[in-house]
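Below: the structure, in C-alpha cells.
Readers should treat all values here as calculations from the given coordinates under stated rules, not as data from a laboratory. Given the structure is predicted, the values throughout are model-derived calculations rather than measurements. Neighbour counts are summed over all protein chains in view; Cβ atoms, including those assigned to glycine, are modelled from backbone coordinates with ideal geometry.
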Amino acid sequence: MAEIELRGIEKRYGEAPVLKDVSLKIKDGEFLTLVGPSGCGKSTLLRIIAGLEDQDAGEVSVGGRPVDGARPKDRDVAMVFQSYALYPHLTVFDNIALPLRTRQLSFAQRLPLIGPLLPGHTGIERSIRKEVEQAAAMLDVAHLLHRKPGQLSGGQRQRVALGRAMVRHPTVFLMDEPLSNLDARLRVQMRTEITSLHRRLGVTFVYVTHDQSEAMTMADRVAVMMGGELLQVGPPEELYREPQDLRVAEMIGSPKINIVARAHWADDRSVLSAALAPQAKHLAFRPEAAVLITPADGVTNGTVTDLENLGSDIFVHVALRDGSETVVIRTTPDERRFSLGSTVGLKVDAARLMQFDEAGRRCGNIERVAAA
Ligand SMILES: Nc1ncnc2c1ncn2[C@@H]1O[C@H](COP(=O)(O)OP(=O)(O)O)[C@@H](O)[C@H]1O
Ligand SMILES: [Mg+2]
C-alpha cells in the first residue's frame, strides 16, 4: 500500500511563504497530477514528499507510515526530473543499473578491476542485468543500452530516466515536469506512454506540470495549486464542469472559459438573469455552452472578430457591446457559418452558466457532476 497523506504542510523560504497549509490524500495506485503556474510551489511540495526538502510544519506519510525525517532513499519513492539527470559518461545500461549497484553491491564490489573478482559480484550483476533489460524492454530502449546519453534523442533520454526510477520498484513515482524539454509532438506521445506505464506498474504516480492539458489528459485526479495553496482537487471532468473557484475555471480548459461581468448582463435573456444569485459578480461559461443566433432585441449581440478553424471545430471570437468583453464560442463545420465582421446574437445555456462571487468563489446553483 502506498497512499500518500499530506497534512497541513507549510514551507517558507525566508519571509516568503511558499506552501500554505497543504493537505491532500493520494490513493494507492492513483495517478494524480499537480498543476499550477510556474512558481506556485509544485516542485517544493514534490521535493517534500521525496524527502529532498524539509517542511516547516505538517506531516507526510507514505503507505500509512510517517516519513518525516526519513532520508529519501528510505521512503520507497523514486523521482524523475525534467532535466533527466543522467550521467553523460555512463552508458544507458550503466545509468539504469546505477541505483541497483549502489544498493546491492558493497563499496569494494563496486571498485573497478578488483570489484568483479570479489565473491558475490557475478550473481548480483546477473540479477541487475535482468532488471535493467526488463525495464529497457518495457520502455523500448533495449536496443540503446550500449549508447551514451549524448547519442540519444530527448524522448529516449527521458525513457532512460524513467527506467532508472523503475528498477528500484518504488511504490511511488514522483515526476517533476518530465516532458517539458521535449518537442510538442513527442510530449503528446510520451503522455500516453507514461499513463500506460502507470497502468502496467499499478503504483502511485504524482506528476507535476504547468500544462493544464497534460494534467487533464493523464490524471485520475487533478490538484490545482496557486500561490502555495490547493484550490481544488478532483477528477478532470469535475474540474472542467464544476470549478469551485474562478481561478480554477480559468486555468482548466482550452480555449479558456468565457468570463463576463454580471453588471453588464442584468435583464438579458442571453443568460436568464432570473436564475442569478444575488451575490454573483462574475458569470462564466465554456465555449460549447452557448450558441450564436440571429441578432435580436433582448439578447446580447456582438461582432465576429476572429475565426479559428481547427477542422473539427470552429472557434468564433465575438466582441460584445463596445468590445469591452470578448467571448469564444465553439461551433462545428456542420452548423451555420459566421463570417468575420458579421453581427451575431448570443444565447447561453442557463444550465451550464457558472456564477462566482466577488472573491471568485462559486455561488448560485451548482449542478452536480453525474457520479462516474
Ligand atoms: N531553495 C530555494 N530558496 C529560496 N526560494 C526558493 C527555493 N526553492 C524555491 N523557491 C521559491 O519558492 C517558490 C516556489 O518554487 P517551486 O516550488 O519551484 O515552484 P514551481 O515548481 O511551482 O514552479 C518560488 O517563488 C521559488 O522562487
Ligand atoms: Mg517546478
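Straight-line reach from LYS148: taking Cα to Cα under 28 Å and skipping same-chain neighbours fewer than 8 places apart, the lysines in range are LYS73, LYS130. From helices alone, the chain scores -7500 deg cm²/dmol at 222 nm; the rule is -39500 (n - 2.57) for each run of n ≥ 4 DSSP H residues, then divide by the residue total. Quarter the surface of the alpha carbon convex hull of the range 1-136 and you get the mean projected area, 10.8 square nanometres. Ordered by the count of other Cβ atoms within 10 Å of each Cβ, fewest first, ARG126, ARG352, ARG47 give ARG126, ARG352, ARG47.
Close amide H contacts of ASP349 (hydrogens built in the peptide plane, cut-off under 5 Å, sequence separation of 5 or more or a different chain): ALA290, VAL291. Axis angle, to the nearest 10 degrees, between helix 154-166 and the longest C-alpha principal axis of the chain: 60 degrees. In terms of packing, defined here as the mean over residues of other Cβ atoms within 10 angstrom, the peptides 297-309, 30-42, 93-105 line up highest first as 30-42, 93-105, 297-309. Among LEU52, LEU310, THR102, whose Cα lies farthest out toward the positive end of the dipole of the chain, if unit charges sit on the beta carbon of Lys, Arg (+1) and Asp, Glu (-1)? My answer, from the dipole projection, is THR102. Net charge in the neighbourhood of ILE128 (other residues with Cβ under 14 Å of its Cβ; Lys, Arg +1, Asp, Glu -1) is +4.
Under the criterion of Cα pairs below 8 Å and six or more residues apart, the relative contact order for the chain equals 16 percent.
Among residues other than SER312 with Cβ under 11 Å from its Cβ, the summed charge is -1 (Lys and Arg +1, Asp and Glu -1).
Net charge of the neighbourhood of PRO37, taken over other residues with C-beta under 13 Å away and scored Lys/Arg +1, Asp/Glu -1, is -2. Compared with the dominant Cα axis of the chain, that is its longest principal axis, helix 121-138 is turned about 20°.
Projecting the Cα atoms of SER180, PRO88, VAL348 onto the charge dipole of the chain (Cβ charges, centred on the Cα centre) puts PRO88 farthest toward the positive pole. For the range 183-197, backbone phi angles converted through the Karplus equation (6.51, -1.76, 1.60; θ = phi - 60°) give residue-by-residue couplings of 6, 4, 5, 5, 4, 5, 5, 5, 3, 5, 5, 5, 5, 6, 4 Hz, Gly and Pro being listed as x. Helix 92-104: angle to the longest alpha-carbon principal axis of the chain, degrees 0 to 90, nearest 10? Around 70 degrees separate the two axes.
Taking only the Cα atoms of the range 255-363, the ratio Rg/Rh comes out at 0.96, with Rh defined as the Kirkwood radius.
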